[in-house]
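Structure record follows, encoded as C-alpha cells.
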Amino acid sequence: MIAGYSLAVAPGQLVVIEGPTLAAPLVRELYRQVLRAGGHPRSRLAIDGAQELRLSLGSDAQLDWVDPLFREHVELADARVVILADFNTRALSGVDPRRLARAKRARGPYLTRLIERAAAGELRWVVTAYPTSAAAQEAGMSLRDYSDLVFGSALLDRDDPVAAWRELGERLHRLGERLGGVRELRIVGPGTDLSFSVESRTWIPCDGLQNLPDGELFTAPVEDTVEGEIRFTYPAVYDQRAVEDVRLRFRSGEVVEASAVRGQGFLDEMLALDEGARRVGEFSFGLNEAVTRFTGETLFDEKIGGTVHLALGEAYPESGGVNRSALHWDMVCDLREGGEVYADGELVYRDGRFLEQG
C-alpha cells in the first residue's frame, strides 16, 4: 500500500525510511517492498532516548547542529517515509521548551525545503504509524483495539484499500470544487467564532498519498485575514507535549491572546519560535469517518470525521499559503455538537457534516 500506492516507487529511486527501532518490522517490510519495486531503500532508525538526551544535555552548538545525512536526504530523496512508533509518548515532557525551540529553529529551513520539493513534485512523502503499547495506552485502549483502529482508519481492512482511498478521494475532490469559489469562511462553535478569507486559495484533497491514515481537505487562509477566537476541544499535542484547553484570539491574522489550562509555558515558547509561528498556515476539515475518537496522536486526531483543525506556522505551497515557520502545529476542534461553518454567509456545515446543496 505505502510503497505501491502512496509513494509509487519506481526503479532507481532513493527511498528514505525513518522510524524508531520499535517499528523495525514495518521498516523491514517497506525495505522489501522498495527493493521489489526497483528502488534504493535507505533506513534511518532512531534509538529510544537519544533525542531526549540531546535536547536535555546538548550544548547550544549541539542543539544548532543538523545531521548532514538528513540534509542530504532533504535534497536527494525521491520518496520519504516517516513511521510514528513511540516507546514513551511523553518522553520529551521534561525538556526545557526553550531548548526544544532552539533545535526546531535549526531544522526549520530544511522543513521548508522538504515542503517546497514536495509541492514541486520532486519528492513524495508519507507519514504513517506502527501500533505500540505506549500509543495504545495514550489512547486509553488495549493494544489489540488500537491496532484495529490503526488498520481501520487506514482502510486496510477493506477488500481493496486502494479502491477505497480512490473513492474517498473522489468525494474530497468534489467537496474541494464546492469550496473552490468561496471567498470567506466563518467557523462557529462552543468558545469559537473565527472567520478568514480563502479567496484564490486551493483546496487539497488528501487521499492516502501523504498520510496513512488520511482523509482531510485543507487549504491556507489568507495570512492577514484571520479574525476572532477559537477554542480547541482536544489537547493540542506537539513534540510529545499535551497542551490542554487551548484558546487563541486572532487579529489581522496574528495570535494576540493565547491561553491554556495546562502547558501555558510551552504554548508561549512555540508561539515565539519565529515570525510565522503566530499565524495560520493551514485550515482543514477532518473527513475520515473511520476515525471517531481522540487518541492523542495528531496523525489520527486531525482526520476525525466531524472536526476541523488549524495549523499554526508553516503553510503548504500547493494550497497557495506563503507563511513560513519552523513550526507546524495542528490543533483540533470538534464541531459534531453545535458546530457550524458558513461560506460567504451561507450555512454549509452543521454538527460535523456538510449540508446537501439545495
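If you go through segment 1-37 one residue at a time, how many are surrounded by 15 or more Cβ atoms within 10 Å (Cβ to Cβ) and of a type outside the set (Ser, Thr, Tyr)? Outline the logic, then answer.
Restricting attention to segment 1-37, the residues satisfying the condition of being surrounded by 15 or more Cβ atoms within 10 Å (Cβ to Cβ) are 1-3, 5-7, 9, 13-20, 22-24, 26-27, 30-31, 33-34, 37.
Those left that are additionally of a type outside the set (Ser, Thr, Tyr): 1-3, 7, 9, 13-20, 22-24, 26-27, 30, 33-34, 37.
So the answer is 22.
Can you pull out the residues in segment 67-87 that are within 30 Å of GLY265 (Cβ to Cβ), touching a residue at least 60 places away in the same chain (Cβ under 8 Å) and not β-branched (Val, Ile, Thr)?
LEU84, ALA85, ASP86, PHE87
Could you look through segment 54-84, keep only residues that are in contact with a strand residue (DSSP E or B) (Cβ under 7 Å, 6 or more places away or on another chain) and in a helix (DSSP H, G or I), and pick out the one that is nearest to ARG98 (Cα to Cα)? Show your work before the answer.
At the first step, the residues of segment 54-84 found to be in contact with a strand residue (DSSP E or B) (Cβ under 7 Å, 6 or more places away or on another chain) are 73, 76-84.
Within this subset, residues satisfying the condition of being in a helix (DSSP H, G or I) are 73, 76.
Details: HIS73: 27, LEU76: 31 Å.
The extreme case among them is HIS73.
Restricting to segment 172-193, name every residue that is in contact (Cβ under 8 Å) with a residue 60 or more places away in the chain and within 24 Å of GLU289 (Cβ to Cβ).
Narrowing segment 172-193 to residues in contact (Cβ under 8 Å) with a residue 60 or more places away in the chain: 172, 175, 178-179, 182-190, 192.
Those that are in contact (Cβ under 8 Å) with a residue 60 or more places away in the chain and within 24 Å of GLU289 (Cβ to Cβ): LEU172, LEU175, ARG178, LEU179, VAL182, LEU185, ILE187, VAL188, GLY189, PRO190, THR192.
Among the residues of segment 226-259, how many are surrounded by fewer than 20 Cβ atoms within 10 Å (Cβ to Cβ) and either closer than 17 Å to GLY189 by Cα or at pLDDT 95 or above (or both)?
Qualifying residue count, segment 226-259: 17.
If we keep just the residues of segment 143-183 that are in contact with a helix residue (DSSP H, G or I) (Cβ under 6 Å, 6 or more places away or on another chain) and surrounded by fewer than 18 Cβ atoms within 10 Å (Cβ to Cβ), which is farthest from SER200 (Cα to Cα)?
My answer is LEU143.
Any idea which residue in segment 123-138 is nearest to the chain's Cα centre (by Cα), counting only those that are closer than 22 Å to ARG241 by Cβ, among the aliphatic types (A, V, I, L, M) and surrounded by 21 or more Cβ atoms within 10 Å (Cβ to Cβ)?
Checking each candidate, the answer is ALA129.
If only one of THR307, THR298 is in contact (Cβ under 8 Å) with a residue 40 or more places away in the chain, of a type in the set (Val, Ile, Thr) and surrounded by fewer than 23 Cβ atoms within 10 Å (Cβ to Cβ), which one is it?
THR298
For segment 38-53, enumerate the residues that are surrounded by 13 or more Cβ atoms within 10 Å (Cβ to Cβ) and either assigned to a loop (DSSP other than H, G, I, E, B) or in contact (Cβ under 8 Å) with a residue 40 or more places away in the chain (or both). Break it down into steps so the answer makes sense when it comes.
Of all residues in segment 38-53, those surrounded by 13 or more Cβ atoms within 10 Å (Cβ to Cβ) come to 39-46, 48, 51-52.
GLY39, ASP48, GLN51, GLU52, listed by residue number.
On the basis of being in the same structural domain as VAL226 (by TED's automatic domain parsing), out of contact with any helix residue (DSSP H, G or I) (no Cβ under 6 Å at 6 or more places or on another chain) and within 25 Å of ALA139 (Cα to Cα), does ARG262 make the cut?
Working: in the same structural domain as VAL226 (by TED's automatic domain parsing): yes; out of contact with any helix residue (DSSP H, G or I) (no Cβ under 6 Å at 6 or more places or on another chain): yes; within 25 Å of ALA139 (Cα to Cα): yes.
Answer is yes for this residue.
The values are calculated or read from the model by the stated rules, or taken from the named source; none is laboratory data. Source: prediction; values computed, not measured. So basically every Cβ, Gly included, is an ideal-geometry build from the backbone, and we count neighbours across all protein chains shown.
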